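Note sheet for the following structure.
The values are calculated or read from the model by the stated rules, or taken from the named source; none is laboratory data. Computed from a prediction, not measured in an experiment: that's the story for all the values here. Neighbour counts are summed over all protein chains in view; Cβ atoms, including those assigned to glycine, are modelled from backbone coordinates with ideal geometry. Side chains are part of the model used for accessible areas, which takes the heavy atoms of the whole protein and leaves out ligands, DNA and RNA. Shrake-Rupley method; radii C 1.70, N 1.55, O 1.52, S 1.80 Å.
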Amino acid sequence: QVRLVESGGGLVQAGGSLRLSCVASESISGFSAVAWYRQAPGKQRESVAIFITGGPVNYADSVKGRFTIARDNVKNTVYLQMNSLKPEDTAVYYCYTQRHGLASWGQGTQVTVSS
């Protein structure tokens, strides 16, 4: 199973920016999908951004125009650039990858946006 390590979370004021990183233990160039999910307290985990290899990038309506997912196949890293952050973006953010139908999750990184 692929090991994923996220970083970049923290505390930021509303309107600020953060960039999350997710480093994979092996090459991501052959992955069918990479994505970011988040889970707020008392809520179900939801998809934030999904990057399908050879296909479209899909964003949750709540983050469109503010968040951008990117992948660097040389560095085996997936990024999530988050701009214009809002208090409702507060959550634990998880990296997700899929390869040959097998899913892998990172341990999560906390993002807290203060008003």
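At a glance:
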read-out: Whichever residue in the range 36-51 is assigned to a loop (DSSP other than H, G, I, E, B) and not polar (S, T, N, Q) and, among such residues, is most open to solvent (accessible area, probe 1.4 Å); value: 43
read-out: Hits in the range 52-72 (condition: within 13 Å of the chain's Cα centre (by Cα) and part of a strand (DSSP E or B)); value: 57, 58, 59, 67, 68, 69, 70, 71
read-out: Subset of the range 73-115 [of a type in the set (S, T, N, Q), part of a loop (DSSP other than H, G, I, E, B) and surrounded by 12 or more Cβ atoms within 10 Å (Cβ to Cβ)]; value: 73, 76, 83, 84, 90
read-out: Residue list for the range 1-36, filter: touching a residue at least 60 places away in the same chain (Cβ under 8 Å) and among the hydroxyl-bearing types (Ser, Thr, Tyr); value: 7, 17, 32
read-out: Tally, over the range 52-72, of residues that are open to solvent by 50 Å² or more (accessible area, probe 1.4 Å) and either touching a residue at least 60 places away in the same chain (Cβ under 8 Å) or not charged (D, E, K, R) (or both); value: 10
